[in-house]
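For reference, the structure is listed below as structure tokens.
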Amino acid sequence: MGLRHLSADTDADRVAGALAEDGAVIVDGLAPPDLLDRIAAELDPHLALTPTGPDDFSGRNTRRTGALIARSPSSRQLVMDPLILSTTGRFLSQATNFQLHLTQAIAIGPGSPAQPIHRDQWAFDFFPFPAGYEVQCNTIWAMTDFTEENGATRVVPGSNKAADKLRFEQSDSVAAEMERGSVLVYSGSVYHGGGANQSDQTRIGLNITYNVAWLRQEENRYLSVPREVAATLPVELLRLMGYARGAYALGYIDDLRDPIEAVRPGLSRPGFGDN
Ligand SMILES: O=C(O)CCC(=O)C(=O)O
Ligand SMILES: [Fe+2]
């Protein structure tokens, strides 16, 4: 079975429904080409300076360039994409709120072998979340076309419902083939991995992920986005970045102050649980 494709005029219920069933779905043509051009221009110098990965999981010929909020102002539009945010809100609705988990350009170089197939939620120290309790909603935006040959993300459809800590072979998975500007949306529970790049071109995707706000963020956004940059950002983005309490009480400053005060004094909301 291949992955389902939805068109860009779909709605969050359909995307979240497909996610709950299959663990992954592709929305075609959601990002306009000129936005991707701007993001590429902003990120290229950073990608060029990023070292390749230190191990087989990161990919020894793969560059992972993070801190997109700071390095690529245009990427903020993808982070705040309305369809993706409402899908995430529905998909993670069992939690009080959600936050930005990581922002990372993943450039898989020619000749790279496939990444081991995994669940992204294993990052939480392999905690066995109850079946059906989803903790992440993830995207990979295609900055280049994604083909089976150039290392399109591979997904085991329906494996979001499988047991934990399984080992899958590449042959159990399908390639999330999609055109530049399309986005793969997938859960933290679905088994997947970067594909082998057997082409002579680099495959680039923007991995932008969200998690329930009671868990730690994979990318430390307080340290990767300088305070003076944070001070210029819209308040909705700041709250999504983690300048907000997670659920009722997590992450306040000193005398129960709202963390937004660190960058936007005067915008605090009184009390807990009001995120
Ligand atoms: O680059 C990809 O297609 C997937 C990468 C991935 O799954 C990961 O790094 O966790
Ligand atoms: Fe992954």
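Throughout, read-outs are computed from the coordinates displayed, never taken from laboratory work. Remember, it's a predicted structure, so these values are computed and weren't measured experimentally. All Cβ positions, even for glycine, are placed from backbone atoms using ideal geometry, and neighbour counts span all protein chains on display.
Taken about its Cα centre, the chain carries a charge dipole of roughly 560 debye when the Cβ of each Lys and Arg holds +1 and the Cβ of each Asp and Glu holds -1. The 3J(HN,Hα) values that the Karplus relation (6.51, -1.76, 1.60; θ = phi - 60°) gives for the stretch 106-113 are, in residue order, 10, 10, 8, x, x, x, 5, x Hz. Gly and Pro appear as x.
Report the rotationally averaged projected area of the stretch 96-233 based on its alpha-carbon convex hull, in square nanometres.
Details: hull surface 37.2 nm².
Over every viewing direction, the Cα hull of the stretch 96-233 projects on average to 9.3 nm².
Other residues within the sphere of radius under 13 Å centred on the Cβ of ALA231, judged by their own Cβ, net out at 0 (K and R +1, D and E -1). Proximity of backbone amide H atoms, modeled 1.01 Å from N, is registered between VAL190 and ASP120 at under 5 Å, excluding neighbours fewer than 5 places apart on the same chain.
Relative contact order, whole percent, for the chain stands at 24, derived from Cα pairs under 8 Å and 6 or more residues apart. A compact globular protein would have a Cα radius of gyration near 2.2 N^0.38 Å; the ratio found for the stretch 1-49 is 1.54. Per-residue ellipticity at 222 nm from helix content only, as computed over the chain with -39500 (n - 2.57) for each DSSP H run of at least four residues, stands at -6000 deg cm²/dmol. Counting charges near ARG90 (Lys, Arg +1; Asp, Glu -1) among other residues having Cβ under 15 Å from its Cβ returns a value of -4. Sequentially through the stretch 174-190, phi angles give Karplus couplings (6.51, -1.76, 1.60; θ = phi - 60°) of 10, 7, 7, 6, 7, 8, 3, x, 8, 9, 8, 10, 8, 8, x, 9, 8 Hz, Gly and Pro residues having no value and appearing as x.
Kirkwood radius, the chain, all distinct C-alpha pairs, inverse of mean reciprocal distance: 18.9 Å.
What is the spin-label model distance, in nm, from GLU169 to ALA247 if the labels are put 7 Å beyond Cα along the C-beta direction? Between GLU169 and ALA247, the label points sit 4.1 nm apart.
With θ taken as phi - 60° and the Karplus curve 6.51 cos²θ - 1.76 cosθ + 1.60 applied, the whole-hertz 3J(HN,Hα) list for the stretch 216-231 is 6, 7, 5, 9, 7, 7, 5, 9, 8, 10, x, 4, 5, 6, 4, 4 Hz, x standing for glycine and proline. Structural descriptor for the stretch 153-210: relative contact order 47 percent, calculated from alpha carbon pairs under 8 angstrom and at least 6 residues apart.
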